[in-house]
Amino acid sequence: MATNKKPILNELFETRNSHTEEAEEIKKEDFIKTVKSRRSVRNYSDEPVLEKDMKACLELALLAPNSSNLQPWEFYWVRSQEKKNKLISYCLGQPAASTAQELVVAVARPDYWKVNQKRMLELIGEMGEKAPKSVKKYYGRIVPLAYNQGWFSLRGYLKKIAMEIRGIKTPTPREPYNKKGMSVWAHKSTALACENLMLSLRAYGYDSCPMEGIDSKRIKKLLNLKSPAEISMVVSAGKRAKNGVYGKQVRFNSSYFIHEV
Ligand SMILES: Cc1cc2nc3c(=O)[nH]c(=O)nc-3n(C[C@H](O)[C@H](O)[C@H](O)COP(=O)(O)O)c2cc1C
């Protein structure tokens, strides 16, 4: 039976939008070169990373797409030598850390749905009448519905039951509904920002290595972080030494992974 009721996301994102933004022309060769020449580098040269370049790459990391634009991440660029020495040992002394010029700890913040919802509502408030109603509704009502899992995730599990019932007949948003789901939620966006960071470093002439072979508990303590903050990975940066890359890049046949259905 046909119904006039629009799916909620259609209602929110319908294009009454007057903002226009041209898609910039990109030289695809440069992008392909950046992606293809990014390798995980385990030995860096002594050449420093310019402070302004590091800052620019970190700013570019923050331009990564992220869930509901709630930016559930933090990046700790560890600059104090004392902390850096500790961080190297918490990266288990890996050469990718010990020879690096710079180290950045990427932290997933499941709790930032609330922190940044508040910031977003403040921004919307400042826009006054100009703020689209749909945006107010999204950040005011939908965001808590989606991300507030409540005490011991009780709210989340109730939501899950409701969504399971609704989902029998209708396509329905489901995750996240508990603490683990919120952790996945924050890590997804944080990892995208890490990729932005690593590609940016490459584009600026540097190299990088993501690391999860780390003592996350000690790193959290070093950075004075409490749960629910979680260490996503540590990204090292510098210029590759001659023997910095351990071998040719290996990927399995793309037919294992890319499916046209
Ligand atoms: C989440 C994640 C964690 C990783 N952890 C480590 C690590 O602890 N140490 C390391 O040397 N490389 C680490 N790597 C790098 C991978 O080993 C590397 O990306 C993979 O072997 C492919 O090589 P490529 O990056 O040069 O293409 C990690 C990569 C990712 C994405």
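Let me check I have the definition right: for segment 26-151, take the eigenvalues of the Cα gyration tensor, multiply each by 5, take square roots. What are those semi-axes in whole Å, largest first?
36, 20, 14
Quote the charge dipole size of segment 114-167 about the Cα centre in Debye, to the nearest 20; the model charges only the Cβ of Lys and Arg (+1) and of Asp and Glu (-1).
That gives a dipole near 120 debye.
HN-Hα J couplings of segment 196-208 from phi, Karplus 6.51/-1.76/1.60, θ = phi - 60°, integer Hz, Gly and Pro as x?
Those phi angles translate into 4, 4, 5, 5, 5, 4, 4, 5, 8, x, 10, 10, 8 Hz.
Give me Rg/Rg_expected for segment 158-261, where Rg uses Cα atoms only and Rg_expected = 2.2 N^0.38 Å with N residues.
In units of the 2.2 N^0.38 Å rule of thumb, it is 1.52.
Lysines within cross-link reach of residue 55: Cα-Cα under 17 Å, excluding same-chain residues under 8 positions apart?
Filter leaves 239.
Taking the Cα-to-Cβ direction at residue 29 and at residue 111 and moving 7 Å from each Cα, how far apart do the two end points lie in nm?
5.0
For the chain, what relative contact order do you get, as a whole percent, if you take Cα pairs closer than 8 Å and at least 6 residues apart?
34
Using modelled amide H (1.01 Å from N, peptide plane; none on Pro or chain starts), what sits under 5 Å from the amide H of residue 172, excluding residues fewer than 5 places away?
none
Could you compute the FRET efficiency for residue 212 and residue 85, with r as their C-beta to C-beta distance and R0 at 22 Å, rounded to 0.05?
Working from the Cβ atoms, E equals 0.60.
Give me log10 I(q)/I(0) at q = 0.09, 0.12, 0.15 Å⁻¹ for the chain, Debye formula, one equal scatterer per alpha-carbon, no solvent.
Values returned for q = 0.09, 0.12, 0.15 Å⁻¹ are -0.54, -0.91, -1.21.
Between residue 246 and residue 123, how high is the FRET efficiency from 1/(1 + (r/R0)^6) when r is the Cβ-Cβ distance and R₀ = 51 Å? Nearest 0.05.
Efficiency computed from Cβ-Cβ geometry: 0.65.
What percent do you get for the relative contact order of segment 125-180 when only Cα pairs under 8 Å and 6+ apart count?
So the answer I get is 32 percent.
Mind listing the long-range amide H neighbours of residue 232? Cut-off is under 5 Å, sequence gap 5 or more, other chains count too, H placed in the peptide plane at 1.01 Å from N.
Hits under the 5 Å cutoff: 106, 107, 108.
Please report, in whole Å³, the volume per residue of the convex hull around the C-alpha atoms of segment 114-167.
Looking at segment 114-167, the number lands at 68 Å³ per residue.
Going by a ≥ b ≥ c, the root eigenvalues of the Cα gyration tensor, does segment 174-220 fall in the rounded group (a/c under 1.5), the prolate group (a/b larger than b/c) or the oblate group?
Taking the square roots of the gyration eigenvalues as a ≥ b ≥ c, segment 174-220 is oblate.
Among 136/179; 226/248; 137/217; 179/221, which pairs are too far apart, with a Cα-Cα distance over 32 Å?
Exceeds cut-off: 226/248; 137/217.
Of 173, 203, 187, which is farthest towards the positive pole of the chain's charge dipole, taken about the Cα centre with +1 and -1 on the beta-carbons of Lys, Arg and Asp, Glu respectively?
173
None of the figures in this text is laboratory data; all of them are computed from the coordinates on show. All of these numbers come straight from a predicted model, not from anything done at the bench. Neighbour counts are summed over all protein chains in view; Cβ atoms, including those assigned to glycine, are modelled from backbone coordinates with ideal geometry.
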